[in-house]
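Enquirer: Take a look at this one; I'll ask things after.
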Amino acid sequence: RGAMSDFSVLRAVVACLTWSVASSGIIFLNKFIMLDGFVFPMALSFLGMATSSVCSYIAVVRLKVVPQTIEITTRFWVSRALPIGVFGALTLYFGNLAYLYISVSFIQMLKGMTPVITLCVGVLFQIDAFTYPLCASLAVIGAGVMLSSYGESAFALAGLLAMLAAESAEAGKVVLMQKLMAGLKLHVLEGLLCFAPPCALALGVGVLALEWEGMVSVGFGKIAANPILYILQGLMGFIVNLLVLSVIKSTSSVTFKVVSMMKNVAVVVGSVPLFGNSITPMQYVGYTISLAGFAGYQYARAIQPAMPPAAKEKEGGSYLPQADGDDAGGDSDDGLLDYGDDKTGREPRLTV
């Protein structure tokens, strides 16, 4: 029993380290690709989602790695998958767009606003509720982010607006996820099979509308000159999602969030020597305040009184890989994506 316990601890440590390295790697890789002249954030996002679509199809439909519990009908695709996919596409596009204007370290600091925006949108659509502990923790997060922004030496309004747009789209995606998918639990692979293709479709339309001329003149040449780099970029987003599942199964969703916080700190510090980012003392103070606020936010969530069943927030977690691979994988400790209970009390229909 002792040997098994030691093995479980070792497995958990390896899973956490592997996810941290892979998740940090895709952040740095996205930034490197854009610094190399591939200034097409929508096309970069499309590569990742197209890869996830193909890989999840092969894994679920062809290899049957996990059972397919939901039938993807035309009605499901149009009424559920497509709206969620569009918001996922906006999250990825604006998240990658921010890399063109602001530093990796500043982007990580701005991510502290995600719980604030998500809660506000949840309250607006009546799937969440304010409590005094939550409001206090969010105020601390907001103060820390504002301090970090004020201390940014290379501040760019376009980058800040891009990050706020990405976080707002992520909040909208969470709301749609809870509204449209109530009562369902999907494996990460099945979630990607359902929602990666419409997300890739939305991004593909965006590429044709906004980036096609640039892709023809520059982008395709960049990909042809170094195809391995872009294949790696596409695969890493898919792999990070699977590693999330491994971490949550080996530990818990709470442990994952703590590891994610530590990883973000490492990315902030690591971006300094890698990209020459400068971090001012005021930013260090602001980011520390934001981390304290986030810890308070998690505690406030843990002690929060019972809410409507569909109001279980999945801050930072989803079935779509983010622009930088940050993905909490939901709040379920069994590694399945939990969309909350159906308010009607009926059993969920899996053919939709």
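The values are calculated or read from the model by the stated rules, or taken from the named source; none is laboratory data. Quick caveat, the model's predicted, so the values are computed rather than measured. Neighbour counts are summed over all protein chains in view; Cβ atoms, including those assigned to glycine, are modelled from backbone coordinates with ideal geometry. Heavy atoms of the whole protein, side chains included, go into the accessibility calculation; ligands, DNA and RNA do not. Shrake-Rupley method; radii C 1.70, N 1.55, O 1.52, S 1.80 Å.
Enquirer: Please turn the phi angles of segment 271-281 into ³J(HN,Hα) values with the Karplus equation 6.51 cos²θ - 1.76 cosθ + 1.60 (θ = phi - 60°), one per residue in order, whole Hz, x for glycine and proline.
Expert: Here the 3J(HN,Hα) series is 5, 5, x, 6, 10, x, 5, 9, 10, 7, x Hz.
Enquirer: Per-residue HN-Hα couplings for segment 110-116, Karplus 6.51 cos²θ - 1.76 cosθ + 1.60 at θ = phi - 60°, whole Hz, x for Gly and Pro?
Expert: Residue by residue, segment 110-116 yields 5, 4, x, 7, 4, x, 4 Hz.
Enquirer: Based on the Cβ-Cβ distance of Tyr299 and Ser217, what FRET efficiency does E = 1/(1 + (r/R0)^6) give at R0 = 45 Å, to the nearest 0.05?
Expert: On the way: r = 52 Å, r/R0 = 1.15.
That gives a FRET efficiency of 0.30.
Enquirer: What is the set of long-range amide H partners of His187 at a cut-off below 5 Å, with H atoms built 1.01 Å from backbone N?
Expert: Residues meeting the amide H criterion: Leu337.
Enquirer: In segment 87-115, whose amide N lies under 15 Å from the spot 7 Å out along Cα-to-Cβ of Phe155? List them in ranges.
Expert: Only 102-103, 106-107, 110 pass the distance filter.
Enquirer: How high is the relative contact order of segment 113-211, given as a whole-number percent (alpha carbon pairs under 8 Å, six or more residues apart)? Intermediate results must be reported in sequence, preceding the final value.
Expert: Working: 37 pairs, mean separation 37.8, N = 99.
Dividing the mean separation by the residue count of segment 113-211 yields 38 percent.
Enquirer: Right, here's the next one. Looking only at Cα atoms, what is the convex hull volume of segment 171-222 per residue, in Å³? All intermediate terms of the calculation are to be shown ahead of the outcome.
Expert: Working: hull volume 5.9 nm³, N = 52.
Convex hull of Cα atoms, per residue: 113 Å³.
Enquirer: Still on this model: Over all distinct Cα pairs, what is the inverse of the mean 1/r for segment 202-299, reported as the Kirkwood hydrodynamic radius in Å?
Expert: Kirkwood hydrodynamic radius for segment 202-299: 17.2 Å.
Enquirer: Please give the solvent-accessible surface of Arg11 in Å², to the nearest 10, using a probe radius of 1.4 Å with every protein chain present.
Expert: We get 120 Å² for Arg11.
Enquirer: With the crude spin-label approximation of a point 7 Å out along Cα→Cβ, what separation in nm comes out for Ala129 versus Glu71?
Expert: 3.8 nm
Enquirer: Out of the total accessible area of segment 26-129 (probe 1.4 Å, heavy atoms of protein only), what percent is carbon and sulfur?
Expert: Values: 2830 of 4100 Å².
Roughly 69 percent of what the probe reaches on segment 26-129 is carbon or sulfur.
Enquirer: Can you work out ³J(HN,Hα) from phi for every residue in segment 191-204, in order, using Karplus 6.51 cos²θ - 1.76 cosθ + 1.60 and θ = phi - 60°, giving whole Hz and x for Gly and Pro?
Expert: x, 5, 4, 6, 10, 5, x, x, 5, 5, 4, 4, 5, x
Enquirer: Mind jotting down the three principal axis lengths of segment 27-186 based on Cα atoms? Whole angstrom, largest first.
Expert: 51, 46, 24
Enquirer: Could you please put Leu35, Leu203, Leu164 in sequence from largest to smallest accessible area, using a 1.4 Å probe?
Expert: Details: Leu35 115, Leu203 0, Leu164 60 Å².
Sorted descending by solvent-accessible area, the residues read Leu35, Leu164, Leu203.
Enquirer: If you don't mind, there's one more thing I want to ask. Compute the relative contact order of segment 1-109 as a whole-number percentage, counting only Cα pairs closer than 8 Å that sit 6 or more residues apart in sequence. Walk me through the numbers on the way to the answer.
Expert: Working: 34 pairs, mean separation 43.6, N = 109.
Relative contact order, segment 1-109: 40 percent.
Enquirer: Sorting check: for 296-302, 181-187, which peptide has the highest mean count of neighbouring beta carbons within 10 Å, and how do the rest follow? Write down the numbers at each step before the final one.
Expert: On the way: 296-302: 16.7, 181-187: 21.4.
With the highest mean Cβ count within 10 Å placed first, the list reads 181-187, 296-302.
Enquirer: Put +1 on the Cβ of every Lys and Arg and -1 on every Asp and Glu Cβ in segment 61-179; which of Val121, Met177, Leu134 then has its Cα farthest towards the positive end of the dipole?
Expert: Of the listed residues, the answer is Met177.
Enquirer: Could you work out, for segment 109-154, what percent of all Cα-Cα pairs fall into each 10 Å distance bin, beginning at 0 Å and stopping at the bin that holds the largest distance?
Expert: In whole percents, the pair-distance histogram is 27, 47, 21, 6.
Enquirer: For segment 1-82, what is the Kirkwood hydrodynamic radius in Å, using each pair of distinct C-alpha atoms?
Expert: 16.6 Å
Enquirer: Now for a different question. Which value, in Å², gives the accessible area per residue of segment 80-217 when a 1.4 Å probe is used on the protein heavy atoms? Kindly include the intermediate steps, with their values, before the conclusion.
Expert: Working: 4960 Å² over 138 residues.
It amounts to 36 Å² per residue over segment 80-217.
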